[in-house]
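Participant: Let me give you the structure first, and then I'll get to my questions.
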Amino acid sequence: MLGKLFIILLIPVTIYVVYYLLNRTAKNSKAIKRVLSDEGKEILEKEVAYYRNLSTADKAEFETRCLKFLDTVKIEGVGVAVELKDYMMIAASAIIPIFAFKKWTYPNLTNIMVYPSQFNTAYEFEGHADRNIMGMVGEGAMNGQMILSKSALEYGFKNPKDGQNTAIHEFVHLIDKTDGTVDGIPTHLMDKASVIPFMNLIREEITKIKENKSDIDVYGMTNPAEFFAVASEYFFENPAKFKTHHAELYKALSEIFEQS
């Protein structure tokens with residue numbers, strides 16, 4: 001009698017254990033086998049110069065990290081449809097500046113809204129003459145949000161040599177913000193000894209922009225935070241030209257972003 005009772009009790013336990021093991025195996029297999037679609041890879045290959053210049057192994061890692069980013073951040077269109085090309089360009093923009101940091105995530109980002117075109121400070125994208133914002137990282141009630149203009153997103157990858165990429169610009173702001181302040185000095189990525197020299201370098205370069213002695217975009221002279229983001233766009237889009245024209249700044253950004 002006791003033997004039969006034991007068997008009766010053992011059956012549901014056995015079923016549960018088998019189910020658990022099969023379910024866990026299925027989930028792990030799905031995670032291991034999950035790879036970027038051929039269409040997604042083709043978009044990266046065609047649109048993203050940074051990706052094209054990677055080794056085969058690094059391309060595979062880049063693809064995986066794009067997928068992980070898209071898993072953790074909600075992207076939605078506002079007045080415009082978001083297509084696979086948009087998703088891939090946004091993900092690439094997120095991964096490019098942090099590719100050297102294998103475990104990096106964006107803890108200060110939960111949602112990205114894609115607008116059809118430029119917008120103003122009231123987040124309006126039509127019917128107003130003051131629409132001149134191409135992207136922004138939210139503050140206050142908008143904390144954790146990013147807004148990107150679809151037209152600016154696409155333009156940023158259209159010419160990989162012009163040193164301008166709105167999406168990379170905004171993600172650099174998020175990197176800068178990780179230490180608590182958007183001030184152009186990502187202290188969590190820098191040795192303490194290099195902070196003051198980098199601040200001095202920024203001031204020198206801003207002066208050069210004001211004196212029309214620099215090819216860095218004039219928006220970079222707005223403040224150190226904007227300079228850091230603008231210079232980083234140029235650094236990642238056209239590193240060879242940036243190194244030639246701004247050797248000292250190139251060295252500093254290479255150390256910050258751990259680019260060889």
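All of the numbers you see were taken from the coordinates with simple rules; none came from a lab. On a predicted model such as this, the values are computed, not experimentally measured, just so you know. As a convention, Cβ positions derive from the backbone with ideal geometry for all residues, glycine included, and neighbour counts pool all protein chains shown.
Participant: Using the Kirkwood radius over C-alpha pairs as Rh, can you work out the diffusion coefficient of region 105-260 via Stokes-Einstein at 37 °C, viscosity 0.692 mPa s, in µm² per second?
Facilitator: Working: Rh = 16.2 Å.
D = 203 µm²/s.
Participant: Okay, moving on. Would you grab the residues whose amide H sits under 5 Å from the one on residue 77? Only those 5+ places off in sequence or on another chain, please, with H modelled 1.01 Å from N.
Facilitator: Counting only residues 5 or more places away or on other chains, the set is 82, 114.
Participant: State which entries of 46/85; 213/243; 177/251; 68/192 exceed 20 angstrom in Cα-Cα distance in the structure shown. Before the final figure, lay out each step's value.
Facilitator: On the way: 46/85 10 Å; 213/243 16 Å; 177/251 22 Å; 68/192 31 Å.
Going by Cα-Cα distance, 177/251; 68/192 fall outside the 20 Å limit.
Participant: How charged is the neighbourhood of residue 39? Take every other residue with its Cβ under 14 Å from the Cβ of residue 39, and add Lys/Arg as +1 and Asp/Glu as -1. Could you put the intermediate results ahead of the total?
Facilitator: On the way: positive: 41, 46, 85; negative: 38, 42, 45, 47, 63, 83, 86.
Overall, the nearby charge balance is -4.
Participant: Further question: Give the peptides 50-56, 80-86 in descending order of average Cβ contacts within 10 Å, highest first. List each step's numbers first, then the result.
Facilitator: Working: 50-56: 13.6, 80-86: 15.3.
Final packing ranking: 80-86, 50-56.
Participant: Note down the magnitude of the dipole of region 37-257 about its Cα centre, charges +1 on Lys and Arg C-beta and -1 on Asp and Glu C-beta and zero elsewhere, to the nearest 20 debye. It would help to have the intermediate numbers written out before the result.
Facilitator: Numbers: 23 positive and 33 negative charges, 92 e Å.
With only Lys, Arg, Asp and Glu charged at Cβ, the dipole is about 440 debye.
Participant: Short version: ³J(HN,Hα) in whole Hz for each residue of region 218-233, in order, from phi by Karplus 6.51 cos²θ - 1.76 cosθ + 1.60 (θ = phi - 60°), x for Gly and Pro, what are they?
Facilitator: Residue by residue, region 218-233 yields 4, 5, x, 8, 4, 5, x, 5, 5, 4, 4, 5, 5, 5, 5, 4 Hz.
Participant: Let me ask another. What is the gain in length, in nm to one decimal, between residue 215 and residue 35 on full extension, counting 0.36 nm per residue of separation less the C-alpha to C-alpha distance? Write down the numbers at each step before the final one.
Facilitator: Details: separation 180, 0.36 × 180 = 64.80 nm, distance 3.97 nm.
Contour length minus the Cα-Cα distance gives 60.8 nm.
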